[in-house]
Amino acid sequence: MKPLRLVPRNTTFRFVSLRRMFYVISIAALIVSAGLFFTRGLNLGIDFLGGIMIEAKTNGPADLGAMRAELGGLGLGEVTLQEFGAPDDVLIRVARQPGGEKEQQVAVARVKQALAAMGRGDISYRRVEFVGPKVSAELVEAGITAVIAAVFLMLLYIWFRFEWQFSIGAVIALIHDVGLTMGMFALTQFEFNLASIAAILTIVGYSINDTVVVYDRVRENLRKYKTMPLDELANLSLNETLSRTTMTSLTTMLALLALYFFGGEVIEGFVFAMMFGVVVGTYSSIFIAVALLLEMKPTRRAKPDTDADATKAD
């Protein structure tokens, strides 16, 4: 049985020779993302704006579609529903209402009345919580801290495993991926909540994994081919890892597509962000990370492998 290959063996694509063009594309995309972020902004969810959380238990599997349609017509702003551990356990989130605690209590009463009018009087309410502005502000701060900490720790990891030139290139590629993902959220207006922070952190991990694979081959070839020009060595390393990179991205995308089409609207924004991140992470690993590494002139410290050099020269 022949192995599945998306990319032929021994490709000779000249990635590095086009790096100026990809710099321009990436910088333009980041500028557009920043413009969208500061003009349209993010569609912040209840986690970051505050609101009401109601955990309800139904008698039998909950009809989330019907409940979502009924509660969405109450004029309470954003209302989201999702299963919470079991098919008969539902978490209802309602946007924070203008006013104080009294207005929040009125909104809760309207939700309960609407569900009772649907013939769901058998619902029991396990808890009702109000997410106030102070808590939501703390969540915003925690989310920003988590992303910055993840990028900083990746910087230390790459610096420890390789050299400082590799770490700088990898972190710039990570910032590139995070910036474009934030621009995507501003463009599509998908709800930005704690799940979105989780998606960004997952994208950071996925992108650095791809980048480390390519960087590892670059380091290996730096030791192996002591006299090969850096541009040629970078192209060789990228072509040698191209099949692995594309196959990993494809298999990940297949799983995400299944989640996107069959996972329901509750995780739609999260999964779309993941799919976007896979594409952007793969792009940056191939076209940006290694190109940035070349700009910083990585050193060759290992002893020359004369046999390998001679073979390459032949």
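One table, with the values for the structure above:
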{"read-out": "Filter result (of a type outside the set (Gly, Ala, Ser) and either surrounded by fewer than 23 Cβ atoms within 10 Å (Cβ to Cβ) or not in a helix (DSSP H, G or I) (or both)) within region 182-199", "value": "Met182, Met184, Leu187, Thr188, Gln189, Phe190, Glu191, Phe192, Asn193, Leu194, Ile197"}
{"read-out": "Qualifying positions in region 45-62 - assigned to a strand (DSSP E or B) and of a type in the set (Gly, Ala, Ser)", "value": "Gly51, Ala56"}
{"read-out": "Single residue of region 68-107 satisfying the filter (assigned to a strand (DSSP E or B) and in contact with a Ser or Thr (Cβ under 7 Å, 6 or more places away or on another chain)) that is nearest to Phe262 (Cα to Cα)", "value": "Val90"}
{"read-out": "Any chance Gly65 is loosely packed, with under 15 Cβ neighbours inside 10 Å and not in a loop (DSSP other than H, G, I, E, B)", "value": "yes"}
{"read-out": "Filtered residues of region 152-171 (kept if surrounded by fewer than 18 Cβ atoms within 10 Å (Cβ to Cβ) and among the β-branched types (Val, Ile, Thr))", "value": "Ile168"}
{"read-out": "Positions within region 163-199 being more than 13 Å from the chain's Cα centre (by Cα) and small (Gly, Ala, Ser), in sequence order", "value": "Ser167, Gly169, Ala170, Ala173, Ala186"}
{"read-out": "Scope region 175-197; condition touching a residue at least 60 places away in the same chain (Cβ under 8 Å), hydrophobic (A, V, I, L, M, F, W, C) and within 20 Å of Ser284 (Cα to Cα); matching residues", "value": "Leu180, Met182, Met184, Phe185"}
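Any read-out appearing in this document is the output of simple, stated calculations on the displayed coordinates, not a laboratory observation. Keep in mind that this is a model prediction, so the values were computed, not measured. Neighbour counts run over all protein chains shown; Cβ positions are idealised from the backbone, glycine included.
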